[in-house]
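Okay, structure first, notes after.
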Amino acid sequence: MLRLEPDGPDLWDIALPPGLRKMSEELSRVGALLKDPRIMEPFLKNFNQTRGRATVPVSTYLRLMYLKFRHKLGYETLVEEVSDSISWRAFCGISYQQSVPDSTTLIKLTHKYGEQTLQDLHTLILENLKGRKIVRGRKVRMDTTVVAADIHYPTDTSLLHDGLKRLKRGLAKVGGLGLRLGRTVKTIKSMIFDIALTLRKRSPVSARKVRRLNYKALGLARRAMSKVREVLGRVEDQKVRNHLETTLAVTEKAAAQSRERLSGEIPKDRIVSIADPEARPIIKGKLDKPVEFGRIASLVQDESGYFTQGDVHLGNPQEAPLMPDILAAHEEQFPGALKAVAADTGYSSADNHALMRSKGVMKIGVRWRGHAPPNIEAKQRRPWFKSLYRFRAGIEAGIRFLDRKFGMKRSMFRGTAGTKMWVSWCVIAANLYRFGRGP
(Lines give C-alpha, C1' and ligand atoms only; values in the text may rest on other atoms or scores of the structure.)
Protein backbone atom coordinates (compact mmCIF):
# COMPACT_ATOMS: atom_id res chain seq x y z
CA MET A 1 0.00 0.00 0.00
CA LEU A 2 1.40 3.38 -1.03
CA ARG A 3 2.05 5.90 1.76
CA LEU A 4 2.90 9.49 0.88
CA GLU A 5 3.64 11.09 4.26
CA PRO A 6 4.97 9.66 7.55
CA ASP A 7 2.96 9.65 10.75
CA GLY A 8 3.00 12.73 12.95
CA PRO A 9 5.60 13.26 15.73
CA ASP A 10 5.33 10.99 18.75
CA LEU A 11 5.80 11.74 22.45
CA TRP A 12 9.59 11.40 22.31
CA ASP A 13 9.88 13.92 19.47
CA ILE A 14 7.71 16.44 21.32
CA ALA A 15 9.72 16.00 24.52
CA LEU A 16 13.00 16.97 22.82
CA PRO A 17 14.23 20.53 23.49
CA PRO A 18 13.56 22.85 20.51
CA GLY A 19 17.29 23.38 19.98
CA LEU A 20 17.84 19.68 19.27
CA ARG A 21 14.95 19.52 16.83
CA LYS A 22 16.26 22.44 14.81
CA MET A 23 17.49 21.56 11.31
CA SER A 24 20.05 23.39 9.22
CA GLU A 25 18.81 26.08 6.86
CA GLU A 26 19.68 23.86 3.88
CA LEU A 27 17.55 20.94 5.10
CA SER A 28 14.71 23.26 6.07
CA ARG A 29 14.59 24.81 2.59
CA VAL A 30 14.85 21.43 0.84
CA GLY A 31 12.12 20.01 3.08
CA ALA A 32 9.86 22.97 2.30
CA LEU A 33 10.30 22.46 -1.44
CA LEU A 34 9.63 18.71 -1.18
CA LYS A 35 6.35 19.43 0.62
CA ASP A 36 4.88 20.59 -2.69
CA PRO A 37 1.91 18.19 -3.19
CA ARG A 38 2.56 18.08 -6.95
CA ILE A 39 5.77 16.13 -6.31
CA MET A 40 3.68 13.13 -5.25
CA GLU A 41 1.82 12.96 -8.58
CA PRO A 42 4.20 10.47 -10.32
CA PHE A 43 3.93 8.08 -7.38
CA LEU A 44 0.15 8.39 -7.15
CA LYS A 45 -0.21 7.81 -10.87
CA ASN A 46 1.97 4.71 -11.11
CA PHE A 47 2.01 3.13 -7.63
CA ASN A 48 -1.30 4.02 -5.97
CA GLN A 49 -2.04 0.62 -4.46
CA THR A 50 -4.52 0.30 -1.63
CA ARG A 51 -3.76 -3.29 -0.68
CA GLY A 52 -0.77 -5.02 0.83
CA ARG A 53 1.78 -3.99 3.39
CA ALA A 54 2.37 -0.25 3.78
CA THR A 55 5.48 1.02 2.00
CA VAL A 56 8.08 3.44 3.27
CA PRO A 57 6.45 6.88 2.98
CA VAL A 58 7.39 8.50 -0.32
CA SER A 59 8.29 11.73 1.49
CA THR A 60 10.73 9.83 3.72
CA TYR A 61 12.21 7.94 0.79
CA LEU A 62 12.87 11.15 -1.19
CA ARG A 63 14.60 12.80 1.74
CA LEU A 64 16.72 9.73 2.43
CA MET A 65 17.84 9.61 -1.20
CA TYR A 66 18.68 13.30 -1.13
CA LEU A 67 20.92 12.73 1.89
CA LYS A 68 22.50 9.73 0.16
CA PHE A 69 23.53 11.69 -2.93
CA ARG A 70 24.17 14.94 -1.09
CA HIS A 71 26.83 13.27 1.06
CA LYS A 72 27.84 10.43 -1.34
CA LEU A 73 26.84 7.69 1.10
CA GLY A 74 26.25 4.01 0.53
CA TYR A 75 22.87 2.61 1.51
CA GLU A 76 24.19 0.91 4.66
CA THR A 77 26.12 4.00 5.75
CA LEU A 78 23.07 6.16 5.07
CA VAL A 79 20.93 4.05 7.40
CA GLU A 80 23.55 4.23 10.15
CA GLU A 81 24.02 8.00 9.84
CA VAL A 82 20.29 8.77 9.85
CA SER A 83 19.77 6.47 12.83
CA ASP A 84 22.38 8.43 14.82
CA SER A 85 21.35 11.97 13.81
CA ILE A 86 18.49 13.88 15.45
CA SER A 87 18.26 16.50 12.70
CA TRP A 88 18.39 13.95 9.89
CA ARG A 89 15.62 11.93 11.54
CA ALA A 90 13.52 15.07 11.79
CA PHE A 91 14.25 15.95 8.16
CA CYS A 92 13.16 12.47 6.98
CA GLY A 93 10.11 12.32 9.28
CA ILE A 94 11.35 9.26 11.19
CA SER A 95 10.38 9.31 14.87
CA TYR A 96 12.40 7.72 17.68
CA GLN A 97 9.90 4.89 18.04
CA GLN A 98 10.53 3.94 14.40
CA SER A 99 13.56 2.32 12.86
CA VAL A 100 15.17 3.73 9.74
CA PRO A 101 14.19 1.73 6.62
CA ASP A 102 16.64 -1.05 5.87
CA SER A 103 19.19 -0.58 3.11
CA THR A 104 17.71 -3.46 1.08
CA THR A 105 14.29 -1.80 1.27
CA LEU A 106 15.70 1.43 -0.16
CA ILE A 107 17.44 -0.48 -2.95
CA LYS A 108 14.21 -2.25 -3.91
CA LEU A 109 12.25 1.01 -3.85
CA THR A 110 14.82 2.71 -6.09
CA HIS A 111 14.49 0.00 -8.73
CA LYS A 112 10.71 -0.17 -8.28
CA TYR A 113 10.12 3.54 -8.92
CA GLY A 114 12.47 3.53 -11.91
CA GLU A 115 13.78 6.15 -14.31
CA GLN A 116 10.47 7.53 -15.60
CA THR A 117 9.32 8.43 -12.10
CA LEU A 118 12.60 10.28 -11.54
CA GLN A 119 12.19 12.20 -14.79
CA ASP A 120 8.69 13.25 -13.75
CA LEU A 121 10.02 14.20 -10.31
CA HIS A 122 12.75 16.33 -11.89
CA THR A 123 10.19 18.07 -14.11
CA LEU A 124 7.93 18.86 -11.14
CA ILE A 125 10.83 20.27 -9.11
CA LEU A 126 11.64 22.53 -12.06
CA GLU A 127 7.99 23.59 -12.18
CA ASN A 128 8.22 24.57 -8.51
CA LEU A 129 11.41 26.55 -9.16
CA LYS A 130 9.84 28.15 -12.21
CA GLY A 131 6.84 29.22 -10.10
CA ARG A 132 9.26 30.86 -7.66
CA LYS A 133 10.84 32.84 -10.56
CA ILE A 134 14.19 31.12 -9.91
CA VAL A 135 14.50 29.10 -13.13
CA ARG A 136 13.39 30.88 -16.30
CA GLY A 137 15.00 28.85 -19.11
CA ARG A 138 15.86 31.89 -21.23
CA LYS A 139 19.59 31.16 -21.63
CA VAL A 140 21.10 27.66 -21.51
CA ARG A 141 24.43 25.94 -21.99
CA MET A 142 25.00 22.26 -22.73
CA ASP A 143 27.73 19.63 -22.93
CA THR A 144 28.35 15.89 -22.64
CA THR A 145 30.49 13.92 -20.22
CA VAL A 146 31.39 10.29 -19.58
CA VAL A 147 29.67 8.45 -16.74
CA ALA A 148 31.92 5.49 -16.01
CA ALA A 149 30.47 2.06 -15.32
CA ASP A 150 31.44 0.39 -12.05
CA ILE A 151 33.73 -2.19 -13.68
CA HIS A 152 37.41 -3.11 -13.63
CA TYR A 153 39.72 -2.42 -16.55
CA PRO A 154 38.73 -4.97 -19.21
CA THR A 155 41.05 -7.36 -21.01
CA ASP A 156 40.05 -10.28 -23.22
CA THR A 157 41.17 -12.93 -20.73
CA SER A 158 39.66 -11.14 -17.72
CA LEU A 159 36.28 -10.98 -19.50
CA LEU A 160 36.42 -14.73 -20.09
CA HIS A 161 37.30 -15.26 -16.45
CA ASP A 162 34.40 -13.06 -15.29
CA GLY A 163 31.95 -14.92 -17.52
CA LEU A 164 33.03 -18.38 -16.37
CA LYS A 165 33.00 -17.26 -12.73
CA ARG A 166 29.38 -16.09 -13.08
CA LEU A 167 28.47 -19.35 -14.83
CA LYS A 168 30.13 -21.28 -12.00
CA ARG A 169 28.03 -19.46 -9.39
CA GLY A 170 24.87 -20.05 -11.40
CA LEU A 171 25.57 -23.77 -11.79
CA ALA A 172 26.21 -24.06 -8.04
CA LYS A 173 22.50 -23.31 -7.51
CA VAL A 174 21.56 -26.42 -9.51
CA GLY A 175 22.53 -29.87 -8.27
CA GLY A 176 23.02 -33.09 -10.15
CA LEU A 177 24.37 -31.66 -13.42
CA GLY A 178 27.81 -33.22 -13.08
CA LEU A 179 29.59 -30.08 -14.29
CA ARG A 180 32.06 -28.03 -12.29
CA LEU A 181 34.02 -25.08 -13.63
CA GLY A 182 36.19 -24.39 -10.59
CA ARG A 183 39.42 -25.77 -12.03
CA THR A 184 38.99 -23.92 -15.34
CA VAL A 185 38.24 -20.65 -13.55
CA LYS A 186 41.36 -21.00 -11.37
CA THR A 187 43.53 -21.85 -14.37
CA ILE A 188 42.40 -18.81 -16.35
CA LYS A 189 42.85 -16.60 -13.28
CA SER A 190 46.47 -17.74 -12.96
CA MET A 191 46.93 -16.97 -16.67
CA ILE A 192 45.75 -13.40 -16.06
CA PHE A 193 48.55 -12.96 -13.49
CA ASP A 194 51.09 -14.55 -15.88
CA ILE A 195 50.02 -12.17 -18.65
CA ALA A 196 50.34 -9.16 -16.34
CA LEU A 197 53.86 -10.20 -15.26
CA THR A 198 54.93 -10.96 -18.82
CA LEU A 199 53.70 -7.62 -20.16
CA ARG A 200 56.22 -5.86 -17.90
CA LYS A 201 58.99 -7.21 -20.12
CA ARG A 202 58.63 -5.27 -23.35
CA SER A 203 60.23 -7.65 -25.83
CA PRO A 204 59.16 -9.77 -28.83
CA VAL A 205 59.56 -12.90 -26.71
CA SER A 206 57.13 -11.66 -24.06
CA ALA A 207 54.63 -10.57 -26.74
CA ARG A 208 54.65 -14.10 -28.21
CA LYS A 209 54.19 -15.61 -24.74
CA VAL A 210 51.18 -13.33 -24.04
CA ARG A 211 49.67 -14.37 -27.35
CA ARG A 212 50.08 -18.07 -26.48
CA LEU A 213 48.49 -17.53 -23.06
CA ASN A 214 45.52 -15.71 -24.61
CA TYR A 215 45.02 -18.53 -27.11
CA LYS A 216 45.18 -21.12 -24.34
CA ALA A 217 42.69 -19.22 -22.15
CA LEU A 218 40.35 -18.85 -25.13
CA GLY A 219 40.49 -22.59 -25.80
CA LEU A 220 39.75 -23.47 -22.19
CA ALA A 221 36.85 -21.01 -22.05
CA ARG A 222 35.27 -22.26 -25.29
CA ARG A 223 35.40 -25.88 -24.12
CA ALA A 224 33.86 -24.93 -20.78
CA MET A 225 31.09 -22.94 -22.50
CA SER A 226 30.23 -25.81 -24.82
CA LYS A 227 29.79 -28.06 -21.76
CA VAL A 228 27.54 -25.48 -20.11
CA ARG A 229 25.47 -25.30 -23.29
CA GLU A 230 24.99 -29.09 -23.17
CA VAL A 231 23.58 -29.14 -19.63
CA LEU A 232 21.36 -26.06 -19.90
CA GLY A 233 18.38 -28.13 -21.00
CA ARG A 234 18.46 -30.01 -17.70
CA VAL A 235 18.07 -26.87 -15.57
CA GLU A 236 14.44 -26.83 -14.38
CA ASP A 237 14.45 -23.52 -12.48
CA GLN A 238 13.47 -21.00 -15.17
CA LYS A 239 14.99 -18.02 -13.36
CA VAL A 240 18.37 -19.74 -12.96
CA ARG A 241 18.20 -20.97 -16.53
CA ASN A 242 17.54 -17.48 -17.90
CA HIS A 243 20.47 -16.13 -15.90
CA LEU A 244 22.77 -18.85 -17.23
CA GLU A 245 21.64 -18.33 -20.83
CA THR A 246 22.16 -14.56 -20.60
CA THR A 247 25.60 -14.92 -19.04
CA LEU A 248 26.59 -17.60 -21.54
CA ALA A 249 25.55 -15.44 -24.50
CA VAL A 250 27.62 -12.49 -23.26
CA THR A 251 30.62 -14.71 -22.51
CA GLU A 252 30.42 -16.25 -25.98
CA LYS A 253 30.44 -12.74 -27.45
CA ALA A 254 33.53 -11.94 -25.36
CA ALA A 255 35.18 -15.12 -26.68
CA ALA A 256 34.31 -14.16 -30.27
CA GLN A 257 35.83 -10.69 -29.93
CA SER A 258 38.92 -12.20 -28.29
CA ARG A 259 39.31 -14.49 -31.29
CA GLU A 260 38.94 -11.50 -33.63
CA ARG A 261 41.63 -9.55 -31.81
CA LEU A 262 44.03 -12.51 -31.84
CA SER A 263 43.52 -12.83 -35.61
CA GLY A 264 44.42 -9.16 -36.08
CA GLU A 265 40.91 -7.73 -36.48
CA ILE A 266 39.34 -4.93 -34.43
CA PRO A 267 35.90 -5.78 -32.96
CA LYS A 268 33.27 -3.29 -34.11
CA ASP A 269 31.02 -3.37 -31.06
CA ARG A 270 33.30 -4.35 -28.22
CA ILE A 271 31.83 -5.32 -24.86
CA VAL A 272 33.90 -4.39 -21.82
CA SER A 273 32.01 -6.08 -18.99
CA ILE A 274 30.07 -9.29 -18.42
CA ALA A 275 28.04 -7.73 -15.60
CA ASP A 276 27.28 -4.58 -17.64
CA PRO A 277 27.27 -5.66 -21.30
CA GLU A 278 25.94 -2.33 -22.64
CA ALA A 279 28.91 -0.32 -21.33
CA ARG A 280 31.28 0.71 -24.11
CA PRO A 281 34.82 2.11 -24.48
CA ILE A 282 34.66 5.89 -24.95
CA ILE A 283 37.52 8.02 -26.25
CA LYS A 284 37.25 11.70 -25.33
CA GLY A 285 40.85 12.75 -26.05
CA LYS A 286 41.80 13.40 -22.41
CA LEU A 287 45.45 13.07 -21.48
CA ASP A 288 44.84 11.56 -18.05
CA LYS A 289 42.11 9.16 -19.26
CA PRO A 290 42.48 8.42 -23.00
CA VAL A 291 39.87 5.66 -22.81
CA GLU A 292 36.95 5.43 -20.38
CA PHE A 293 34.33 2.72 -20.06
CA GLY A 294 30.67 3.53 -19.57
CA ARG A 295 28.10 5.81 -21.21
CA ILE A 296 27.67 9.41 -22.31
CA ALA A 297 25.52 11.83 -20.29
CA SER A 298 24.22 15.05 -21.85
CA LEU A 299 23.52 17.93 -19.46
CA VAL A 300 21.76 21.28 -19.87
CA GLN A 301 22.12 24.15 -17.39
CA ASP A 302 20.31 27.47 -17.44
CA GLU A 303 21.61 30.91 -16.46
CA SER A 304 20.58 30.45 -12.82
CA GLY A 305 22.89 27.44 -12.44
CA TYR A 306 20.12 24.82 -12.14
CA PHE A 307 20.28 21.73 -14.36
CA THR A 308 17.20 21.52 -16.57
CA GLN A 309 18.08 18.26 -18.36
CA GLY A 310 20.19 15.18 -17.76
CA ASP A 311 20.06 12.21 -20.14
CA VAL A 312 22.17 9.12 -20.82
CA HIS A 313 23.16 7.73 -24.23
CA LEU A 314 24.70 4.41 -25.23
CA GLY A 315 28.12 4.34 -26.85
CA ASN A 316 29.81 7.58 -27.87
CA PRO A 317 27.30 9.48 -30.04
CA GLN A 318 28.16 12.73 -31.79
CA GLU A 319 26.86 15.85 -30.07
CA ALA A 320 25.19 17.53 -33.06
CA PRO A 321 22.39 14.91 -33.44
CA LEU A 322 21.51 15.40 -29.74
CA MET A 323 20.56 19.06 -30.21
CA PRO A 324 17.02 18.61 -31.69
CA ASP A 325 15.87 16.43 -28.77
CA ILE A 326 17.40 18.85 -26.24
CA LEU A 327 15.61 21.82 -27.82
CA ALA A 328 12.32 19.90 -27.98
CA ALA A 329 12.54 18.93 -24.31
CA HIS A 330 13.39 22.51 -23.34
CA GLU A 331 10.45 23.87 -25.34
CA GLU A 332 8.16 21.46 -23.50
CA GLN A 333 9.49 22.62 -20.11
CA PHE A 334 9.71 26.35 -20.92
CA PRO A 335 7.39 27.17 -23.86
CA GLY A 336 8.68 30.13 -25.85
CA ALA A 337 11.25 31.12 -23.21
CA LEU A 338 14.52 30.19 -24.92
CA LYS A 339 16.41 33.22 -26.28
CA ALA A 340 20.10 32.24 -26.08
CA VAL A 341 21.99 28.94 -26.49
CA ALA A 342 25.68 28.32 -25.74
CA ALA A 343 27.48 25.10 -26.69
CA ASP A 344 30.81 23.96 -28.09
CA THR A 345 31.54 23.25 -31.75
CA GLY A 346 30.48 19.62 -31.42
CA TYR A 347 26.83 20.75 -31.41
CA SER A 348 27.30 22.89 -34.52
CA SER A 349 25.65 22.09 -37.85
CA ALA A 350 23.71 24.06 -40.43
CA ASP A 351 20.53 22.18 -39.52
CA ASN A 352 20.96 22.95 -35.82
CA HIS A 353 21.53 26.65 -36.49
CA ALA A 354 18.40 26.76 -38.64
CA LEU A 355 16.43 24.85 -36.00
CA MET A 356 17.46 27.27 -33.25
CA ARG A 357 16.49 30.27 -35.36
CA SER A 358 13.11 28.66 -36.13
CA LYS A 359 12.48 28.28 -32.37
CA GLY A 360 13.06 31.97 -31.75
CA VAL A 361 16.61 31.76 -30.38
CA MET A 362 17.97 35.27 -30.87
CA LYS A 363 21.56 34.68 -29.75
CA ILE A 364 23.34 31.49 -30.85
CA GLY A 365 26.63 31.01 -29.03
CA VAL A 366 27.71 27.95 -31.02
CA ARG A 367 30.74 28.34 -33.27
CA TRP A 368 30.22 27.36 -36.88
CA ARG A 369 31.95 24.13 -37.83
CA GLY A 370 34.50 24.76 -40.57
CA HIS A 371 34.56 27.96 -42.64
CA ALA A 372 31.63 30.13 -41.54
CA PRO A 373 29.50 32.14 -44.00
CA PRO A 374 30.21 35.91 -43.95
CA ASN A 375 27.09 36.77 -41.91
CA ILE A 376 27.85 34.07 -39.30
CA GLU A 377 31.52 35.06 -39.14
CA ALA A 378 30.53 38.69 -38.50
CA LYS A 379 28.25 37.60 -35.64
CA GLN A 380 31.05 35.54 -34.06
CA ARG A 381 33.19 38.68 -33.79
CA ARG A 382 30.56 40.62 -31.85
CA PRO A 383 30.86 41.18 -28.07
CA TRP A 384 27.58 39.37 -27.26
CA PHE A 385 28.83 36.21 -28.99
CA LYS A 386 32.14 36.27 -27.10
CA SER A 387 30.28 36.82 -23.84
CA LEU A 388 27.89 33.95 -24.59
CA TYR A 389 30.77 31.66 -25.53
CA ARG A 390 32.46 32.47 -22.21
CA PHE A 391 29.17 31.61 -20.51
CA ARG A 392 29.34 28.23 -22.28
CA ALA A 393 32.57 27.37 -20.46
CA GLY A 394 30.66 27.39 -17.16
CA ILE A 395 29.06 24.03 -17.99
CA GLU A 396 32.48 22.44 -17.42
CA ALA A 397 32.44 23.71 -13.85
CA GLY A 398 28.86 22.45 -13.50
CA ILE A 399 29.88 18.95 -14.60
CA ARG A 400 32.84 18.95 -12.21
CA PHE A 401 30.42 20.09 -9.47
CA LEU A 402 28.22 17.04 -10.16
CA ASP A 403 31.25 14.75 -10.20
CA ARG A 404 32.87 16.12 -7.06
CA LYS A 405 29.85 16.83 -4.88
CA PHE A 406 27.42 14.08 -5.90
CA GLY A 407 29.59 11.34 -7.44
CA MET A 408 28.16 11.43 -10.96
CA LYS A 409 31.50 10.47 -12.50
CA ARG A 410 31.04 6.77 -11.70
CA SER A 411 27.63 5.13 -11.61
CA MET A 412 27.12 2.73 -8.74
CA PHE A 413 23.84 1.55 -10.29
CA ARG A 414 24.33 -1.22 -12.83
CA GLY A 415 23.17 -1.22 -16.46
CA THR A 416 21.79 1.49 -18.71
CA ALA A 417 18.61 1.89 -16.65
CA GLY A 418 20.71 2.11 -13.50
CA THR A 419 23.00 4.76 -15.01
CA LYS A 420 19.98 6.83 -16.04
CA MET A 421 18.65 6.67 -12.49
CA TRP A 422 22.09 7.56 -11.12
CA VAL A 423 22.41 10.65 -13.33
CA SER A 424 18.82 11.69 -12.59
CA TRP A 425 19.38 11.48 -8.84
CA CYS A 426 22.64 13.45 -9.13
CA VAL A 427 20.85 16.21 -11.08
CA ILE A 428 17.88 16.26 -8.67
CA ALA A 429 20.19 16.36 -5.63
CA ALA A 430 22.29 19.14 -7.19
CA ASN A 431 19.19 21.27 -7.86
CA LEU A 432 17.84 20.69 -4.34
CA TYR A 433 21.25 21.47 -2.86
CA ARG A 434 21.47 24.75 -4.80
CA PHE A 435 17.98 25.69 -3.64
CA GLY A 436 18.80 24.70 -0.06
CA ARG A 437 21.86 26.95 -0.01
CA GLY A 438 19.64 29.92 -0.68
CA PRO A 439 19.52 32.62 -3.37
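The values are calculated or read from the model by the stated rules, or taken from the named source; none is laboratory data. Values in this document were obtained by computation on a predicted structure and should not be read as measured data. Methodologically, a virtual Cβ is constructed for each residue, glycine included, from the backbone with ideal geometry; neighbour enumeration extends over all protein chains shown. Quick note on the areas: whole protein, heavy atoms, side chains included, nothing else; ligands and nucleic acids left out. Shrake-Rupley method; radii C 1.70, N 1.55, O 1.52, S 1.80 Å.
From 117, 104, which residue is part of a helix (DSSP H, G or I), under 22 Å from residue 309 (Cα atoms) and of a type in the set (S, T, N, Q)? Explain how you work it out, then say what you get.
Working: 104 fails: under 22 Å from residue 309 (Cα atoms).
Exactly one of 117, 104 is part of a helix (DSSP H, G or I), under 22 Å from residue 309 (Cα atoms) and of a type in the set (S, T, N, Q), namely 117.
Taking the options 287, 322, 314, name whichever one is open to solvent by 30 Å² or more (accessible area, probe 1.4 Å), under 28 Å from residue 151 (Cα atoms), in contact with a Ser or Thr (Cβ under 9 Å, 6 or more places away or on another chain) and aliphatic (A, V, I, L, M). Give the steps one after another, and end with the answer.
Details: 287 fails: in contact with a Ser or Thr (Cβ under 9 Å, 6 or more places away or on another chain); 322 fails: open to solvent by 30 Å² or more (accessible area, probe 1.4 Å).
Criteria check complete, one pass: 314.
Just to be sure I understand, how many residues within region 334-366 are open to solvent by 30 Å² or more (accessible area, probe 1.4 Å) and part of a helix (DSSP H, G or I)?
7
If you check 305, 294, which single one turns out to be open to solvent by less than 70 Å² (accessible area, probe 1.4 Å), touching a strand residue (DSSP E or B) at 6+ places or on another chain (Cβ under 8 Å), on the phi > 0 side of the Ramachandran plot and of a type outside the set (Asp, Glu)? Lay out the reasoning, then the answer.
On the way: 305 fails: touching a strand residue (DSSP E or B) at 6+ places or on another chain (Cβ under 8 Å).
None of the others qualify; the one that does is 294.
Could you say whether any residue in region 240-261 is charged (D, E, K, R) and exposed (fewer than 13 other Cβ atoms within 10 Å of the Cβ)? Working first, answer last.
Kept after step one, since they are charged (D, E, K, R), are these residues of region 240-261: 241, 245, 252-253, 259-261.
Filter again for exposed (fewer than 13 other Cβ atoms within 10 Å of the Cβ), leaving none.
Checked region 240-261: no residue is charged (D, E, K, R) and exposed (fewer than 13 other Cβ atoms within 10 Å of the Cβ).
Restricting attention to region 369-379, and to residues there that are out of contact with any Ser or Thr (no Cβ under 6 Å at 6 or more places or on another chain) and open to solvent by 30 Å² or more (accessible area, probe 1.4 Å), which single residue is nearest to residue 318 (Cα to Cα)? Don't jump to the end; show me each part of the working.
Filtering region 369-379 down to residues out of contact with any Ser or Thr (no Cβ under 6 Å at 6 or more places or on another chain) leaves 370-379.
Right, trim to open to solvent by 30 Å² or more (accessible area, probe 1.4 Å) and you get 370-371, 373-375, 377-379.
Working: 370: 16, 371: 20, 373: 23, 374: 26, 375: 26, 377: 24, 378: 27, 379: 25 Å.
Filtering first and then ranking leaves 370.
Name the residues in region 139-154 that are surrounded by fewer than 21 Cβ atoms within 10 Å (Cβ to Cβ), more than 27 Å from residue 302 (Cα to Cα) and of a type outside the set (Phe, Trp, Tyr), would you?
150, 151, 152, 154
One residue is enough: does region 363-382 have a residue meeting the conditions over 28 Å from residue 31 (Cβ atoms), acidic (Asp, Glu) and touching a residue at least 24 places away in the same chain (Cβ under 8 Å)?
Initial filter on region 363-382 (over 28 Å from residue 31 (Cβ atoms)): 363-382.
From the residues that got through so far, the ones that are acidic (Asp, Glu) too are 377.
Narrowing further to those that are touching a residue at least 24 places away in the same chain (Cβ under 8 Å): none.
Taking every residue of region 363-382 in turn, none turns out to be over 28 Å from residue 31 (Cβ atoms), acidic (Asp, Glu) and touching a residue at least 24 places away in the same chain (Cβ under 8 Å).
Report, by residue number, each residue of region 41-80 that is aliphatic (A, V, I, L, M), more than 23 Å from the chain's Cα centre (by Cα) and more than 17 Å from residue 111 (Cα to Cα). Talk me through it step by step, then tell me what you get.
Initial filter on region 41-80 (aliphatic (A, V, I, L, M)): 44, 54, 56, 58, 62, 64-65, 67, 73, 78-79.
Subset that is more than 23 Å from the chain's Cα centre (by Cα): 44, 54, 56.
Within region 41-80, just 54 meets the criteria.
Every residue in region 86-123 that is touching a Pro at 6+ places or on another chain (Cβ under 8 Å) and at positive phi, please.
93 - this is the single residue of region 86-123 that is touching a Pro at 6+ places or on another chain (Cβ under 8 Å) and at positive phi.
Give all pairs with beta carbons closer than 6 Å in which a residue from region 35-58 that is on the phi > 0 side of the Ramachandran plot meets a residue that is open to solvent by 30 Å² or more (accessible area, probe 1.4 Å); count only pairs at least 6 apart in sequence or on separate chains.
Once the first residue is on the phi > 0 side of the Ramachandran plot and sits in region 35-58, its partners that are open to solvent by 30 Å² or more (accessible area, probe 1.4 Å) give 52/1.
Residue 206 is checked against (1) part of a helix (DSSP H, G or I); (2) closer than 27 Å to residue 414 by Cβ; (3) among the hydroxyl-bearing types (Ser, Thr, Tyr) and fails just one. What number does that condition carry?
(2)
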